[in-house]
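The values are calculated or read from the model by the stated rules, or taken from the named source; none is laboratory data. What you see is a predicted model; the values in this text were computed from it and never measured. Don't worry about glycine lacking a Cβ; one is built from the backbone with ideal geometry, like all the others, and counts go over all protein chains shown. With ligands, DNA and RNA removed, areas are computed over all heavy atoms of the protein, side chains included. Shrake-Rupley method; radii C 1.70, N 1.55, O 1.52, S 1.80 Å.
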Amino acid sequence: MTKNEKVTFVINTLNELFPEVPIPLDHKDPYTLLIAVLLSAQCTDERVNKITPSLFAKADNPYDMIKMSVEEIAEIIRPCGLTPMKSKGIYGLSKILIEEHNGEVPQSFEALERLPAVGHKTASVVMSQAFDVPAFPVDTHIHRLLYRWGFSNGKSVEQSEKDAKRLFPMELWNKLHLQIIYYGRSYSPARGWNLDKDVITKTIGRKTVINDYHKKNAS
């Protein structure tokens with residue numbers, strides 16, 4: 001298969017398996033999505049979805065959020081890990097949204113990435129899922145799969161994002177990045193990986209990855 005044929009195969013397979021892709025983080029607007037994505041750093045979406053109802057019951061907007069102290073925020077979000085950074089970030093960004101953006105989440109990468117505790121990936125998720133601006137947020141699943149599929153060299157998340165944007169049509173980015181995440185969780189996980197169930201990697205995967213898999217499972 002040529003590279004273009006492999007890309008088409010991936011798109012078609014993902015559309016068959018995941019025709020609809022709900023955003024895995026529970027939210028109701030750009031602000032609650034921003035907070036949920038920030039909390040998801042090094043934490044599972046499942047755990048974030050268990051924590052955010054308690055947080056949003058007290059504060060689902062920046063004005064209510066800054067009525068709480070950093071310590072109060074930290075107490076609620078502690079199960080998500082990285083508590084000091086995340087609690088200060090949530091309080092700090094809420095204050096900036098009020099002072100500089102009339103309490104609204106800005107609709108630009110530059111403004112989002114200037115907010116405390118908001119990196120490029122978080123900004124990309126918000127831009128794509130809240131504002132429908134084409135973006136390709138790369139998480140650990142996407143990074144792993146682009147390497148397994150031979151689409152990127154696995155050296156860095158930044159490189160994976162560049163390669164994904166180069167290979168896949170822009171109009172598919174917002175849906176596709178979610179489809180790849182769902183596929184990675186269901187069929188191509190980091191642990192407990194069964195190549196026989198992973199139709200994409202089995203069909204187009206990097207030869208060294210497939211050979212290493214067979215070596216490990218033969219011993």
TODO: At a Cα cut-off below 16 Å, give the aspartates and glutamates reachable from Lys50, other chains included and same-chain residues fewer than 8 away excluded.
DONE: Asp26, Asp60, Glu75
Open item on the list: Starting from the 7 Å offset along Cα-to-Cβ, what nm value, one decimal, do you get for the label separation of Tyr63 and Asp29?
Closed with: 1.0
Open item on the list: Under 10 Å, Cα contacts only: if you run a Gaussian network model on the chain, which one of Ser87, Ser124, Ser69 comes out with the highest mean-square fluctuation?
Closed with: Ser69
TODO: Work out the length of the dipole vector of region 109-167 about its Cα centre, built from +1 on the beta-carbon of each Lys and Arg and -1 on the beta-carbon of each Asp and Glu, and round it to the nearest 20 debye.
DONE: 260
- [ ] Taking 7 Å along the Cα-to-C-beta vector as the label spot, tell me the Glu72-Thr8 distance in nanometres, rounded to one decimal.
- [x] 5.8
Open item on the list: Return the equivalent ellipsoid semi-axes of the chain as a descending list in whole Å, where each equals the square root of 5 times an eigenvalue of the C-alpha gyration tensor.
Closed with: 35, 19, 14
Task: Reachable lysines, given that their alpha-carbon falls under 21 Å from the alpha-carbon of Lys197 and they are not under 8 places away in the same chain - done: Lys6, Lys207, Lys215, Lys216
TODO: Working with all protein chains in place, sort His143, His120 by solvent-accessible area computed with a 1.4 Å probe, largest first.
DONE: His120, His143
Open item on the list: Among Leu145, Leu38, Leu55, which one shows the highest mean-square fluctuation when the chain is modelled as a Gaussian network with alpha-carbon springs under 10 Å?
Closed with: Leu55
Open item on the list: Assuming 0.36 nm per residue, please report the length gained on full extension of the stretch Glu113 to Arg166 beyond their Cα-Cα distance.
Closed with: 16.8 nm
- [ ] Taking the Cα centre of region 30-186 as origin, work out the dipole magnitude from +1 charges on Lys and Arg Cβ and -1 charges on Asp and Glu Cβ, in debye rounded to 20.
- [x] 600
Task: Derived scalar couplings ³J(HN,Hα) [region 133-147; Karplus, 6.51 cos²θ - 1.76 cosθ + 1.60; whole Hz; x for Gly, Pro] - done: 8, x, 8, 9, x, 10, 9, 4, 5, 5, 4, 5, 6, 4, 6
TODO: Taking the dipole about the Cα centre of region 1-149, with the C-beta of Lys and Arg at +1 and of Asp and Glu at -1, give me whichever of His27, Val126, His143 is farthest to the positive side.
DONE: His143
